[in-house]
Amino acid sequence: SETPASLIMIFGATGDLAKRKLYPSLYHLFRKGKLAEHFAVIGVARRPWSNEVLREHVKDSVLTSIKDAENIEEFISHFYYQPHDVSDTDSYIELKKLANELDSKYSLQGNRIFYLAMAPEFFGTIAEHLKTDGLTDTNGFHRLVIEKPFGHDLESAIQLNNRIRKVFSENDIYRIDHYLGKEMVQNIEVIRFANAIFEPLWNSRFISNIQITSSEMLGVEERGGYYETSGALRDMVQNHMLQMVALLAMEPPIRLTPKEIRSEKVKVLGALRSIKVEEVKQYFVRGQYGPSTENGEHVPGYREEVNVNPESNTDTYVAGKLMIDNFRWAGVPFYIRTGKRMTEKSTKIIIQFKDVPMNLYYSSDKKLAPNLLVIHIQPEEGITLHLNAKESGGQMMETTPVKLNFSNNDIAGLNTPEAYEKLLFDCLRGDATNFTHWDEVALSWNFVDKISTYWENEKAEFPNYAAGTMGPKDADELLKQDGFFWWPIA
Ligand code: BG6
């Protein structure tokens, strides 16, 4: 197998993330032979479950996504359940006993992964107990995998980081940003650095602007409680959107090691023009969805959702203009937008190149379309290059836009692994490239905090976009003032 023996402890084993993502991903790795034959999983959570209950639960979760789950019985036999109270020392001592037993039973060499798939308020407490109650007293590796949100702002993130760094070194902390596990997000780097035709143009001389859209159709569903404290800015921009910006803007790393790649990303985040509180309005637009009617049915507005304040000031949509003040990107706006209850579920990046110096084909009233490189992150995966060509069969030298398409989804029989499968595999192998380094977290919060401070102190005129639309009008103005518009690309 391709991974070392290890004991994986999942805190929050009865929760949604474990069920939807972690169990199916582990099963995929198991079936592909990528998981060591020496592995065991301890599901840790509050409920008084037994091994059998957890195993049935894991089986159900796997069977929901995979119909022909071969060897599922063997897979689930590696799962154990430990009822747990996160702030009680005795609980950790019980857990340690079980961990040590499994360690010898499966010859796990003391390698341990602690996966915190649960409410963030317990991250610090759990990390501390793992050390003081001896769960990290083995000879193997000890890695902490931690879900977002990593803090609520820079200050709380620093506090959390200080707590977990007392137990785990930076190299052993795997902060999940699941966008970094997506096939096409990983492909950004390859498209840029493995092709001779893009990188020479990848700068302010040839690129006019970059647009990143991540839209969702769903509302906040049952996550109103969390979302009220977060909003789209903290939920999506601080992490996923800024990570995509960093990958698009970074310099070529000198080699493909986690250290080199992450340090290039850190430089980008450090070069983001910091926005003064009084300038927020110039650079950022917020939105919140209101009710609408779809096929005769009422779609609730955000303020009508469960666990949401009926006068909520929370943003469910953000559009922004980011400037990267370095030599490569001076003057090139990076526009980002993301929101709930928009027209479609889609993530795309559009790189708009500058116009040719002079249009020789300006006959009739046609303007030459600019070249665009579109990176489709999801649901389609691929790239499209928009070019101009001669209008076929025409008598005159007329141009027409053509598209070169590469679709990743078309690769025969390839079932691209889900983000979580790749990230778990990386963590088991000890490759932290596609996880967020502390320096990235800190710089992202630093950038975002200015915006949230301003927004929290100014009442918004919400709701300002109807559910099922592309967001508030002001988001169009953001580009219009620079002479651009959001490319409507299906
Ligand atoms: C999560 C956010 O990090 O990303 C969610 O908390 C959001 O609110 C989700 O829906 C989007 O991820 P994906 O992979 O569906 O684009």
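The values are calculated or read from the model by the stated rules, or taken from the named source; none is laboratory data. Only a predicted model underlies this, so the values are computations on that prediction, with no experimental measurement involved. Because the Cβ atoms are built from the backbone with ideal geometry, glycine has one as well, and the counts that use them run over all protein chains shown.
Out of the range 259-274, which residues are at pLDDT 95 or above and not in a helix (DSSP H, G or I)?
LEU272, ARG273
Just checking, how many residues over the range 275-323 are out of contact with any strand residue (DSSP E or B) (no Cβ under 6 Å at 6 or more places or on another chain), farther than 15 Å from THR453 by Cα and of a type in the set (A, V, I, L, M, F, W, C)?
3
Could you please tell me which pairs satisfy a Cβ distance under 6 Å, a separation of 6+ or placement on different chains, a first residue in the range 379-396 that is farther than 17 Å from THR347 by Cα and free of Cβ contacts under 8 Å to residues at least 24 places away in the same chain, and a second residue that is of a type in the set (D, E, K, R) and part of a strand (DSSP E or B)?
These pairs meet every condition: HIS386/LYS403.
Identify all residues within the range 116-132 that are closer than 11 Å to TYR92 by Cβ and charged (D, E, K, R); write none if there are none.
Result: GLU128, LYS131.
Restrict the check to the range 131-148 and report whether at least one residue is in contact (Cβ under 8 Å) with a residue 12 or more places away in the chain, closer than 20 Å to ASN51 by Cβ and among the basic types (Lys, Arg).
Looking for residues that are in contact (Cβ under 8 Å) with a residue 12 or more places away in the chain, closer than 20 Å to ASN51 by Cβ and among the basic types (Lys, Arg), one finds none in the range 131-148, hence no.
Please pick out the residue among GLU155, GLU183, GLU189 that is of a type outside the set (Phe, Trp, Tyr) and free of Cβ contacts under 8 Å to residues at least 24 places away in the same chain.
GLU155
A quick yes/no check of all residues on (1) of a type outside the set (A, V, I, L, M); (2) touching a Leu at 6+ places or on another chain (Cβ under 9 Å):
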residue: VAL448; (1), (2): no, yes
residue: TRP455; (1), (2): yes, yes
residue: GLU458; (1), (2): yes, no
residue: GLY483; (1), (2): yes, no
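When you go through (1) near the ligand (Cβ under 10 Å from one of its atoms); (2) in a loop (DSSP other than H, G, I, E, B); (3) of a type outside the set (Asp, Glu) one by one for LEU256, which number turns out not to apply?
The failed condition is (1).
Could you give every pair whose Cβ atoms fall below 6 Å, whose first residue belongs to the range 27-56 and is in contact (Cβ under 8 Å) with a residue 60 or more places away in the chain, and whose second residue is surrounded by 21 or more Cβ atoms within 10 Å (Cβ to Cβ) and acidic (Asp, Glu), counting only separations of at least 6 or pairs across chains?
HIS28/GLU421
Any residue at all in the range 408-431 that is within 26 Å of the chain's Cα centre (by Cα), part of a loop (DSSP other than H, G, I, E, B) and modelled with pLDDT of 95 or more?
Within the range 408-431, one or more residues are within 26 Å of the chain's Cα centre (by Cα), part of a loop (DSSP other than H, G, I, E, B) and modelled with pLDDT of 95 or more.
Against the definition (out of contact with any Lys or Arg (no Cβ under 8 Å at 6 or more places or on another chain), among the charged types (D, E, K, R) and at pLDDT below 95), how does GLU391 come out, yes or no?
Judged against the criteria, GLU391 is a match.
Would you call VAL285 aliphatic (A, V, I, L, M) and in a helix (DSSP H, G or I)?
no
List, please: which pairs have Cβ atoms under 8 Å, are six or more places apart or on different chains, and start with a residue in the range 326-349 that is among the acidic types (Asp, Glu) and end with one that is within 15 Å of the ligand (Cβ to nearest atom)?
GLU344/SER215; GLU344/MET217
If we only count helices (runs of 4 or more DSSP H) wholly inside the range 137-240, which ones have 2 or more residues that are within 13 Å of the ligand (Cβ to nearest atom) and under 25 Å from LYS422 (Cβ atoms)?
183-193
Please pick out the residue among ILE188, ILE210, ILE176, ILE197 that is among the β-branched types (Val, Ile, Thr), exposed (fewer than 15 other Cβ atoms within 10 Å of the Cβ) and modelled with pLDDT of 95 or more.
ILE197
All but one of (1) more than 17 Å from GLY43 (Cα to Cα); (2) among the β-branched types (Val, Ile, Thr); (3) more than 16 Å from the ligand (Cβ to nearest atom) hold for ILE76; state the number of the condition that does not hold.
Unmet for ILE76, out of (1) more than 17 Å from GLY43 (Cα to Cα); (2) among the β-branched types (Val, Ile, Thr); (3) more than 16 Å from the ligand (Cβ to nearest atom): (1).
Which number in (1) within 16 Å of the ligand (Cβ to nearest atom); (2) acidic (Asp, Glu); (3) exposed (fewer than 13 other Cβ atoms within 10 Å of the Cβ) marks the one condition that ASP325 misses?
(1)
Collect the residues in the range 23-49 that are of a type in the set (A, V, I, L, M) and out of contact with any strand residue (DSSP E or B) (no Cβ under 6 Å at 6 or more places or on another chain), keeping them in residue-number order.
Within the range 23-49, LEU26, LEU29, LEU35, ALA36, ALA45 qualify.
Quick one: which of PRO120, PRO149, PRO83 is at pLDDT 95 or above and surrounded by fewer than 22 Cβ atoms within 10 Å (Cβ to Cβ)?
On inspection, the qualifying residue turns out to be PRO83.
Report whether or not GLN282 is modelled with pLDDT of 95 or more, touching a helix residue (DSSP H, G or I) at 6+ places or on another chain (Cβ under 6 Å) and among the polar types (S, T, N, Q).
Taking the combined requirement at face value, the residue does not satisfy it.
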